[in-house]
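The values are calculated or read from the model by the stated rules, or taken from the named source; none is laboratory data. Just so it is clear, the model here is predicted, and its values are computed rather than measured. Methodologically, a virtual Cβ is constructed for each residue, glycine included, from the backbone with ideal geometry; neighbour enumeration extends over all protein chains shown. Just so you know, the surface numbers come from the protein's heavy atoms only, side chains and all, with ligands and any DNA or RNA stripped out. Shrake-Rupley method; radii C 1.70, N 1.55, O 1.52, S 1.80 Å.
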Amino acid sequence: MISVPPIISFLRRKAGEMAMEHSAGLTPLHNDDPESLESRWGIRKIVTETIETNADGDDSLSAPITQAWAAAIVTNPWTRKSATDVDLVNAPKEIAARLSKLLSDRLNQALGGATNIKAFGKGAIIGDRGALEHGAALTHTPYFASNLRNFFEGSAVISFADTRGSAGEPLVIPLCEKNTGIKRDFYQALTVRLADAPRGDEIVLVAAASTGPRPFPGVGDRTTDKPLDQEVLNGAFQ
């Protein structure tokens, strides 16, 4: 039997306990408390957008597919500091875990709960006075990614995208199926854009999800692909 590291067991247990709170409503922001994580990290805003697709081309879906993203705009405490000169491993632990709860709350509410979520993704936009690694310190830590995966009841690696830019910078986040990650039907993307973020000293951290695959998927999958036709390949490459 393979033993589970204590920290992973703890994260799973805490995520399970916190997931029970979803039914009680959204976890509030505590910006009015100067000692709270929200105040200390300067969470300026949380934005949620939902996209419901009922038809694709000339064909109507029998049931809508809903995508959603939730973004938290936070102050970048490492602005104008080299990513090699600051602690990007330990410093973000508390806020990354807190953001996983705040953002997953909003997506679970928007999409009807974790059982309805079939695909997920994540990403970050770093203000132009920060470094790409500043965003990675939030989005790629297990305190964000592993908790997010547990809140959405998934097991696959969460696909991601990161970029730097100023307010209005678009971020295209790829989504993958939440348990296998490799089902082509679920390969899709969401575009995130905020008119007033990020400012130069901010990071926009994003979680994204979908209730289904692409509309009318039909390109097959790795498990059903026929072997490559060598004759065709030779003709294409010569």
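Side notes on the structure shown:
- Residue within the stretch 81-91 that is at pLDDT 95 or above and under 16 Å from Phe144 (Cα atoms) present: no
- Residues (among the aliphatic types (A, V, I, L, M), open to solvent by 50 Å² or more (accessible area, probe 1.4 Å) and in contact (Cβ under 8 Å) with a residue 40 or more places away in the chain) located in the stretch 169-187: Ile182
- Look at (1) among the small types (Gly, Ala, Ser); (2) within 29 Å of Pro77 (Cβ to Cβ); (3) open to solvent by less than 30 Å² (accessible area, probe 1.4 Å) and you find that Ser166 fails only one, number (3).
- Extreme residue, most open to solvent (accessible area, probe 1.4 Å), among residues of the stretch 140-152 that are of a type outside the set (Phe, Trp, Tyr) and in a loop (DSSP other than H, G, I, E, B): His140
- Residue tally, condition touching a Pro at 6+ places or on another chain (Cβ under 8 Å) and part of a loop (DSSP other than H, G, I, E, B), over the stretch 88-127: 2
- Across the stretch 60-87, the number of residues qualifying as in a strand (DSSP E or B) and open to solvent by 10 Å² or more (accessible area, probe 1.4 Å) comes to 9.
- The set of residues in the stretch 107-143 that are over 12 Å from the mean Cα position of the chain (by Cα) and among the basic types (Lys, Arg) comprises Lys118, Arg129.
- Test for Ser155: is it among the polar types (S, T, N, Q) and either part of a strand (DSSP E or B) or crowded, with 24+ Cβ neighbours inside 10 Å (or both): no
- Residue ID - modelled with the lowest pLDDT, chosen from residues in the stretch 30-58 that are closer than 24 Å to Ser146 by Cβ and open to solvent by 60 Å² or more (accessible area, probe 1.4 Å): His30
- Filter pass, Ala137 being assigned to a helix (DSSP H, G or I) and open to solvent by less than 60 Å² (accessible area, probe 1.4 Å): yes
- Of the numbered criteria (1) exposed (fewer than 14 other Cβ atoms within 10 Å of the Cβ); (2) closer than 20 Å to Gln67 by Cβ; (3) touching a helix residue (DSSP H, G or I) at 6+ places or on another chain (Cβ under 9 Å); (4) not aliphatic (A, V, I, L, M), the one Gly220 fails is (2).
- Close pairs (9 angstrom Cβ cut-off, 6 or more residues apart or separate chains): under 16 Å from Ile125 (Cα atoms) in the stretch 40-64, of a type in the set (Phe, Trp, Tyr) and outside any loop (DSSP other than H, G, I, E, B) anywhere: Val47/Trp69; Thr48/Trp69
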